[in-house]
Amino acid sequence: MKKLMLLLCAIVMVGCAATWPQKANLNPVVDDQPDSVYQPGIDVSVDGVDARTGAQVIKIALPDSPVTLIPNQVSPQIMLAERLQDGFQQQGLARGSMSNITIGVTVEELQATLTKPGVMFNSSAKSRIKVTITNNGNILNKEYNRYSSKDGITRPDIHDLEVLLNEQLSDIMAQVLADNQVRGAIKGQF
């Protein structure tokens, strides 16, 4: 009976070991945009840059286990540039690779972190995205920051951490697309 109990405990302990996926799957959403925000004939190019020191978007730092760093399947700067380009196209801008108007999207910080400082698990996420509009030599720089944190008794899974970042990135993209200063810079109204 004792051996059976030890075997059962070993199976339960192995089954409880944390396994994390090798890649995260961030998928922020750009809501439908109003059309005719811009006059026809304006074309822009949107490019992304990753200014972070590491590629991870999720960091798992739990006691008694090594730190796990998880990158995203698609580079965040590429994903954000593509989603913003789509949003601007819905608003009436055309895609142009040789445009006089460029929109640079720089990922300065983007990470969800899972820790357990005491009894509770803490999930926190921070996003810092810089947008630079260059229109015929005039430049507008805007920075968008988001931070959120949740505590809970049960250990969140990777999906919970992805949701924190997706909400932040969706909110940032909505703010960029609705920003009157951004719209003015694209129209040449500095």
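Observations, loosely collected:
- Under the condition of being over 25 Å from D35 (Cβ atoms), out of contact with any Pro (no Cβ under 9 Å at 6 or more places or on another chain) and surrounded by 18 or more Cβ atoms within 10 Å (Cβ to Cβ), the residues counted in the range 91-111 number 2.
- Verdict on R146 being surrounded by 15 or more Cβ atoms within 10 Å (Cβ to Cβ), free of Cβ contacts under 8 Å to residues at least 60 places away in the same chain and basic (K, R): yes
- Test: D64 is over 19 Å from R146 (Cα atoms), without any contact (Cβ under 8 Å) to a residue 40 or more places away in the chain and part of a loop (DSSP other than H, G, I, E, B): yes
- Complete set of residues in the range 111-150 that are of a type outside the set (K, R), closer than 25 Å to D64 by Cα and under 12 Å from the mean Cα position of the chain (by Cα): Q111, A112, A125
- Subset of the range 30-53 that is assigned to a loop (DSSP other than H, G, I, E, B) and under 14 Å from the mean Cα position of the chain (by Cα) - its residue that is surrounded by the most Cβ atoms within 10 Å (Cβ to Cβ): V30
- Just so you know, in the range 139-190 the residues that are part of a loop (DSSP other than H, G, I, E, B) and among the charged types (D, E, K, R) include one that is farthest from Q90 (Cα to Cα), and it is R155.
- Residues in the range 103-138 that are touching a residue at least 12 places away in the same chain (Cβ under 8 Å) and either outside any strand (DSSP E or B) or of a type in the set (D, E) (or both): E108, E109, K116, V119, M120, N136.
Any read-out appearing in this document is the output of simple, stated calculations on the displayed coordinates, not a laboratory observation. Fair warning: this is a prediction, and the values are worked out from it, not measured in the lab. Ideal geometry is used to build each Cβ from the backbone, glycine not excepted, and the neighbour counts take in all protein chains shown.
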